[in-house]
Amino acid sequence: MYRIAVLASGRGSNFAALAAACRSGAITAELVGVFCDRPGAGVLQRAAEFGVPAQLLELKRCGEAAAFAALATVQPDLIVCAGYMRIISADVLTPWVGRMINIHPSLLPNYPGLHTHRRVLAAGDVESGASVHFVIPELDAGPVLAQARVPVLPGDDETALAARVLSREHPLLRASVALLASGRVAWRDGRIELDGQVLAQPLQLDAQGRLQPAAA
Ligand code: GRF
């Protein structure tokens, strides 16, 4: 069975979406561990509810390399960063490149980093969304596998826009991880291949929660 580990820092709604999909069989995979850098984070409670083993990353006490060694012991095929709010150093990350994805709440390459919704609103954009991308040492800059788009509506504030984006993050992450677990995606020479072809444009989530090729 395909083995997935989750790295998270916060409330854990993306983790819960994945865990529910693994439980229902919508994703053919096993969640083998949650790794969290913040004591008391909601994701720890969510992991307990789903019966997924959770570990606190002792970054301050042990250092990042030792903390990530714990992650290696669960032998994941894929690491999903789902609201993991730290930058991972290149040394620790390099062995996992091609096997680690992140969900980011903007349409990358637009708005890498923090406060995406605030910046989208300040720019007056009419559209925003979320991206699932492979993690490379440069922040939020790895090749994008898939995106979900939402409108920015008149009167939106950060809270309203964040909620609209989050409601699409969950199906986006589910569909992306299901695709990865299916074995149809490969990482070759820093590029994403789907069914043996280089993916030139990120897949797009449709209204039914399925990933479609980008319109030409
Ligand atoms: C999500 O918006 C994700 O895109 C961002 O952090 C948030 C995590 O939410 N990186 P949750 O912890 O999955 O509920």
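Tabulated data for the structure shown
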{"quantity": "Euclidean distance between Cα centres, region 99-144 to region 1-65, Å", "calculated": "22"}
{"quantity": "Cα lying deepest toward the dipole's positive end in the chain, options M100, G51, Y84, charges on Cβ", "calculated": "G51"}
{"quantity": "Relative contact order for region 3-212, counting Cα pairs under 8 Å that sit 6 or more residues apart, in percent", "calculated": "18"}
{"quantity": "Fluctuation leader among L153, L205, L18 - the chain, Gaussian network, Cα springs under 10 angstrom", "calculated": "L153"}
{"quantity": "Shape call, region 136-194: gyration tensor on alpha carbons, a/c limit 1.5", "calculated": "prolate"}
{"quantity": "The chain, dipole about Cα centre (Lys/Arg Cβ +1, Asp/Glu Cβ -1), debye to the nearest 20", "calculated": "320"}
{"quantity": "Binned Cα-Cα distance frequencies in the chain - 10 Å width, integer %", "calculated": "8, 35, 38, 17, 2, 0"}
{"quantity": "Linear extension gain, R118 paired with A70, 0.36 nm per residue minus alpha-carbon span", "calculated": "13.7 nm"}
{"quantity": "FRET efficiency estimate (nearest 0.05) - Cβ-Cβ, Q45 to A214, R0 41 angstrom", "calculated": "0.65"}
{"quantity": "Percentage relative contact order, region 61-181, counting C-alpha pairs under 8 Å, at least six apart", "calculated": "22"}
{"quantity": "DSSP beta bridges in region 3-212 [antiparallel fraction, %, rounded to 5]", "calculated": "50"}
{"quantity": "Efficiency of FRET from Cβ geometry, D125 and S24, R₀ 41 Å, rounded to 0.05", "calculated": "0.75"}
{"quantity": "Most fluctuating residue given options I87, I103, I79, as computed from a GNM of the chain linking Cα atoms under 10 Å", "calculated": "I87"}
{"quantity": "Region 75-161, dipole about Cα centre (Lys/Arg Cβ +1, Asp/Glu Cβ -1), debye to the nearest 20", "calculated": "120"}
{"quantity": "For peptides 167-177, 68-78, 186-196, sequence by mean Cβ density within 10 Å, most packed first", "calculated": "167-177, 68-78, 186-196"}
{"quantity": "Length gained when the stretch R184-L139 is fully extended (0.36 nm per residue, less Cα-Cα span)", "calculated": "13.6 nm"}
{"quantity": "Column: log10 I(q)/I(0), Debye, Cα scatterers of region 50-122, q = 0.28 Å⁻¹", "calculated": "-1.44"}
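No lab work stands behind these numbers, since they all come straight from the coordinates. Predicted model only: the values in this text are computed from it and were never measured. Neighbour counts are summed over all protein chains in view; Cβ atoms, including those assigned to glycine, are modelled from backbone coordinates with ideal geometry.
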